[in-house]
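Asker: Please read through the structure below; I'll follow up with questions.
The values are calculated or read from the model by the stated rules, or taken from the named source; none is laboratory data. Quick caveat, the model's predicted, so the values are computed rather than measured. No Cβ is skipped: glycine too gets one built from the backbone with ideal geometry, and neighbour counts run over all protein chains shown.
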Amino acid sequence: MPGQHILLVEGQDDREFFQHLLCRLEFDIQVEPETPRNFCQTASDGVDVLRTRALPLALNRIRSGDIACLGIVIDADSQTLGYGFEKRRTQYLEPLAREGYNTENPATNTDTLGEIFSHPDNLAPIGLWIMPDHRQDGALEDLLLHSITTAQQQALLNQADADLTLLKQHDLRLFKDKHLSKARLSTLLSWQEKPGISAGKAYRAGIFPVTTHELTSFHNWLTKLFTATQA
Amino acid sequence: MLDSLYIRNFRCFEDLQVESLGRVNLVVGKNNTGKSTLLESVLLLASAGANQVIHEILNKRGDLLLDKQTPNLFFNGDIPISHSNRLEISDSESKNSLIITLINQNNNENRLPMALPKTGIIPKFTLNPKLSILAFRDGQYDINPIPNQSCTTQLLNENDLAKIWDQVFLNIDDSILKEALGLIEPSIMNIAFIPSPQNNASRMAVVKLQNISKAVPIRSLGDGMIRLLQIFLHATQAVNGFLLLDEFENGLHYSIQQKVWDKLFKVAEELNIQVFATTHSMDTIRSFCRVAKADKDIEGKLITLARSVGTSDQGKIFASVYNENDLEWIINSGMEIR
């Protein structure tokens, strides 16, 4: 039986989004883990659980041939805590290098970002994408907010930003500043035709046009990673 | 109790390192990845390479029938040509290290790991007229076995169980057995083996149930009762040693498995037994995980065996070990562990 194509993501919300995205791209890729975010948080935050528990298991499954291609998508949204892009990247490259992956000279796309690591022993390739664009600090929410291009959605986003500023002025902003992108996206999605639509369903509904540079780069990375090992 | 396991040049294992072990260990993996062979390695270690055990291991898979000259005891069926190719099973402590090597009866000098007495050497197993097997543990070749019990995938017949019962019933507190059988039938008060009405030469197991005047054949209560009797009778014979359980789930409905693990964890601790079990069942893994996680004092570990697809070590079996916290997360994550 050929190995599976697996995309490792940080939590339940991200999993739902990527399932919609992969469905639209017509990729047969399983998104893991299914772990509810609250369960992840009993051990640590989602991203550390992904690195300390899901990744070691995935590496063993690669060596046994159960996984034929692995993608990892993580956020780098905690610059204030020292978890920006560079530190996140280093954290993930270390276990890959220990497993023998060629992390010194990864394959990079000429027309986009993201990295793909090969193994000299012909083990499955592993791709790494750090949100939002594999360059800057941020999260999935930043990638989606950057992808807003229609006048109507941009107007809604401007209104959301104005309201969030107003909340701060009235000392009613209960979330931490590092979660501003999540709040902006949640507010925008709460004002859609179906209030509170999920990011995944909003993507399927075309609220985030796939022609934007940010999403196109991400799509290209996914395509390059997973089509390289398609039967 | 073994703290880890290193197996070298034994049947399908070229060079296997299991980095840590718990009191109760569950071994999983696809077919032909060495689950039963891992149990056999512990059996071989515990028995100090006993002739009977080597015979049983080879006979079970028909190896002795196929080739009596070079039976498949060593990796790839090769005969080790020097001490460096010896069969070795050990943990991190030298007292548990078993080395099996060959002795050429005409000239044994260059095959042995140490000097031996000139006389009194009795080979454990004879491969052919010239080559015999010698086993050493902790540098000694004349060694006592560690208690060990193998619980096979097949349900034993009651006559065989009666023979085990005869060996243990005067020496053990039979409450362990009654409590174990009570997991399925709580009204069990007592158990006995009586001559079979059909054949006086064989015996059958019967139980006394509350509020029923006559004894009831245990077989009438289902295969699960036979399996429980088999598991826990063997456990009572493995005090201070090893209990090896091939395909734990055989005969046990998934709804009862958590209770059986719970009882087995407690019995293992009480009788100082280290348990090695195998399974293909996700229900068994889940129930094992719940018990291992809940029982903070008794360590449970899950060992996965798989064959590498890497080009440099293609087909080589490797082991990964997961503790209770890893396992709980993996099960909740929906990621495949078998």
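Residue by residue, here is whether (1) modelled with pLDDT of 95 or more; (2) surrounded by 23 or more Cβ atoms within 10 Å (Cβ to Cβ); (3) within 14 Å of chain B (Cβ to nearest Cβ) holds:
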{"position": "A:33", "(1), (2), (3)": "no, yes, yes"}
{"position": "A:56", "(1), (2), (3)": "no, no, yes"}
{"position": "A:59", "(1), (2), (3)": "yes, no, yes"}
{"position": "A:76", "(1), (2), (3)": "no, yes, no"}
{"position": "A:80", "(1), (2), (3)": "no, no, no"}
{"position": "A:85", "(1), (2), (3)": "no, no, no"}
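Asker: Kindly check whether there is at least one residue in region A:212-220 that is without any contact (Cβ under 8 Å) to a residue 12 or more places away in the chain and surrounded by 14 or more Cβ atoms within 10 Å (Cβ to Cβ).
Answerer: No, region A:212-220 contains no residue that is without any contact (Cβ under 8 Å) to a residue 12 or more places away in the chain and surrounded by 14 or more Cβ atoms within 10 Å (Cβ to Cβ).
Asker: Scanning for something within 21 Å of residue B:32 (Cα to Cα) and either without any contact (Cβ under 8 Å) to a residue 40 or more places away in the chain or in a strand (DSSP E or B) (or both), does region B:329-336 turn up at least one residue?
Answerer: Scanning region B:329-336 turns up at least one residue that is within 21 Å of residue B:32 (Cα to Cα) and either without any contact (Cβ under 8 Å) to a residue 40 or more places away in the chain or in a strand (DSSP E or B) (or both).
Asker: Any chance region A:2-20 includes a residue that's surrounded by 16 or more Cβ atoms within 10 Å (Cβ to Cβ), of a type outside the set (Val, Ile, Thr), more than 27 Å from residue A:136 (Cα to Cα) and modelled with pLDDT under 90?
Answerer: yes
Asker: Please go through region B:209-245 and give me each residue that is touching a Cys at 6+ places or on another chain (Cβ under 8 Å) and polar (S, T, N, Q), ordered by number.
Answerer: Across region B:209-245, the qualifying residue is only B:230.
Residue-by-condition table, conditions (1) at pLDDT 90 or above; (2) within 12 Å of the chain's Cα centre (by Cα); (3) part of a helix (DSSP H, G or I):
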| position | (1), (2), (3) |
| --- | --- |
| B:16 | yes, no, no |
| B:20 | yes, no, no |
| B:25 | yes, yes, no |
| B:32 | yes, no, no |
| B:36 | yes, yes, yes |
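Asker: Which fully enclosed helices (runs of 4 or more DSSP H) of region A:175-231 have 1 or more residues being more than 29 Å from residue A:4 (Cβ to Cβ)?
Answerer: In region A:175-231, A:180-190, A:213-227 are the helices (runs of 4 or more DSSP H) which contain 1 or more residues that are more than 29 Å from residue A:4 (Cβ to Cβ).
Asker: Identify, from the list B:309, B:275, B:260, B:291, the residue that is within 14 Å of another protein chain (Cβ to nearest Cβ) and either among the hydrophobic types (A, V, I, L, M, F, W, C) or without any contact (Cβ under 8 Å) to a residue 40 or more places away in the chain (or both).
Answerer: B:309
Asker: Which condition does residue B:321 not pass, out of (1) within 11 Å of another protein chain (Cβ to nearest Cβ); (2) of a type outside the set (Asp, Glu); (3) without any contact (Cβ under 8 Å) to a residue 40 or more places away in the chain, if it passes all the others?
Answerer: Unmet condition: (3).
Asker: Continuing with the same structure: Outside any helix (DSSP H, G or I), more than 14 Å from chain A (Cβ to nearest Cβ) and hydrophobic (A, V, I, L, M, F, W, C): does that describe residue B:298?
Answerer: Spelling it out, residue B:298 is indeed outside any helix (DSSP H, G or I), more than 14 Å from chain A (Cβ to nearest Cβ) and hydrophobic (A, V, I, L, M, F, W, C).
Asker: Considering only region B:246-289, how many residues are assigned to a helix (DSSP H, G or I) and more than 20 Å from residue B:182 (Cβ to Cβ)?
Answerer: 7
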